[in-house]
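To keep things clear, I will list the structure first and then write my remarks on it.
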Amino acid sequence: MNEHEVPRMLPRDAATNPIDGRVVWSPVKSLWFTAHALVAVIGGVLTFRWDALMVFFVFTITTLCLGHSVGLHRLLIHRSFQCPLWVEHVLVHLGTLVGMGGPSKMLYLHDIRDWSQRHPECHPLFIHKNPIWKDFLWQNHCEVQLEHPPEFRPEARVANDRFYRFMDRTWMLQQLPWAILLYVLGGVAFVVWGISARIVVSLIGHWLVGYFAHNAGPRDWHLEGHAVQGHNIPHIGLLTMGESWHNNHHAFPGSARLGLDSSQIDPGWWAICALKAVGLAWSPRLPGDLPARPELSCIKVPERPAPTKPILTR
């Protein structure tokens, strides 16, 4: 496997490439987003209450930080730390509640984008190079169908996990038990703000971070031969759970820590540290633990160098 490949994406033949393809409307993605957006906008106005807004904030932070950033991204996708299987399942469930898809879909969406970006050229959908209005439509209502896609082959521990297969089949329905609980606790307002408003804000926020993190912002690292470079977006590390340090992530995708120095706020890393402190996580990987990448170079001297050894003792 060369530096342009990712483990779960295997070339089918010499024609396999991330360039040739067409963007088509995705009914499931589009209708899911639109339905929740209508409920959030109309229902949000009609049912606004301060306690419902608080439910929105708490549930959004929980699902984005513990679920999406820690559970799906840093754990399931990159295996940047270890934890008991039941903890992994809880974290991935919370990530599924963000509303982007089940575990296998999230693996595929991440890996097809990562695989494409590691090539010298790729389809513009994967690198956010359209005007922002067009990119919004493409990312939230469409999908790209490659003419010569790679074979997606998730590892056996995920493909054979019955819990993950159940989550893949029922990822939309996973909102239902929480909607019932919220209704019991606070009526329709809690459901509108805790489910639909949370999903829409999370999806739009995820798209916006991806759009800006691939178009503008400071960079400490450069990856030769890649179709797009990640950019750090300062000042919103807290809001994005650390995911805005995207140049760091492009450089060290297997690192559990995305904010590589003390000035780069990274709540996802704080959550992993908290899990480790109570014995529910161990062996977090940092840049110094990862294999060398020949295509990676430092383009400026950081004020505080990236850690070369794990900060947490094992």
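Which one of G237, G217 is on the phi > 0 side of the Ramachandran plot and either at pLDDT 95 or above or not in a helix (DSSP H, G or I) (or both)? Break it down stepwise before answering.
Numbers: G237 fails: on the phi > 0 side of the Ramachandran plot.
Just a single option satisfies the conditions, and that option is G217.
Just one of the listed residues (F136, F190, F152, F163) is open to solvent by less than 30 Å² (accessible area, probe 1.4 Å), of a type outside the set (V, I, T) and in contact (Cβ under 8 Å) with a residue 40 or more places away in the chain, namely F190.
In region 93-121, the residues that are within 14 Å of H78 (Cα to Cα) form Cβ pairs under 6 Å with partners that are part of a loop (DSSP other than H, G, I, E, B), at six or more places apart or across chains, as follows: L107/P154; D111/R8.
How many of the residues making up region 271-290 are farther than 18 Å from L66 by Cα and either among the small types (G, A, S) or surrounded by fewer than 17 Cβ atoms within 10 Å (Cβ to Cβ) (or both)?
First, the residues of region 271-290 that are farther than 18 Å from L66 by Cα: 286-290.
Next, only the ones that are either among the small types (G, A, S) or surrounded by fewer than 17 Cβ atoms within 10 Å (Cβ to Cβ) (or both) stay: 288, 290.
Number of matching residues: 2.
Condition first: among the hydroxyl-bearing types (S, T, Y) and under 14 Å from L46 (Cβ atoms). Now tell me which residues in region 181-202 satisfy that.
Quick first cut of region 181-202, residues among the hydroxyl-bearing types (S, T, Y) only: 183, 196, 202.
Matches in region 181-202: S196 only.
Of all the numbered requirements in (1) over 23 Å from V58 (Cβ atoms); (2) open to solvent by 30 Å² or more (accessible area, probe 1.4 Å), L181 misses one, and that requirement is (1).
Can you say whether F59 is of a type in the set (F, W, Y), closer than 25 Å to L176 by Cβ and under 19 Å from the mean Cα position of the chain (by Cα), as far as the supplied structure shows?
Numbers: of a type in the set (F, W, Y): yes; closer than 25 Å to L176 by Cβ: yes; under 19 Å from the mean Cα position of the chain (by Cα): yes.
It is true that F59 is of a type in the set (F, W, Y), closer than 25 Å to L176 by Cβ and under 19 Å from the mean Cα position of the chain (by Cα).
Residues in region 93-102 that are assigned to a helix (DSSP H, G or I) and open to solvent by 10 Å² or more (accessible area, probe 1.4 Å): H93, L94. Selection of region 103-122 for residues being in a loop (DSSP other than H, G, I, E, B) and surrounded by fewer than 21 Cβ atoms within 10 Å (Cβ to Cβ) yields H119, P120, E121.
If you check A216 against the conditions, is it out of contact with any helix residue (DSSP H, G or I) (no Cβ under 8 Å at 6 or more places or on another chain), of a type in the set (G, A, S) and open to solvent by 20 Å² or more (accessible area, probe 1.4 Å)? Taking the combined requirement at face value, the residue satisfies it. Output yes when any residue across region 242-253 is closer than 26 Å to C273 by Cβ, assigned to a helix (DSSP H, G or I), open to solvent by less than 10 Å² (accessible area, probe 1.4 Å) and touching a strand residue (DSSP E or B) at 6+ places or on another chain (Cβ under 6 Å), and no when none is. Yes, some residue in region 242-253 is closer than 26 Å to C273 by Cβ, assigned to a helix (DSSP H, G or I), open to solvent by less than 10 Å² (accessible area, probe 1.4 Å) and touching a strand residue (DSSP E or B) at 6+ places or on another chain (Cβ under 6 Å). Among the residues of region 10-66, just one is assigned to a helix (DSSP H, G or I), in contact with a Cys (Cβ under 9 Å, 6 or more places away or on another chain) and open to solvent by 30 Å² or more (accessible area, probe 1.4 Å), namely K29.
The values are calculated or read from the model by the stated rules, or taken from the named source; none is laboratory data. Because the structure is predicted, anything quoted here is derived from the model rather than measured. Positions of Cβ are backbone-derived with ideal geometry, glycine not excepted, and every protein chain shown enters the neighbour counts. Ligands, DNA and RNA are excluded from the accessible area calculation, which covers all protein heavy atoms including side chains. Shrake-Rupley method; radii C 1.70, N 1.55, O 1.52, S 1.80 Å.
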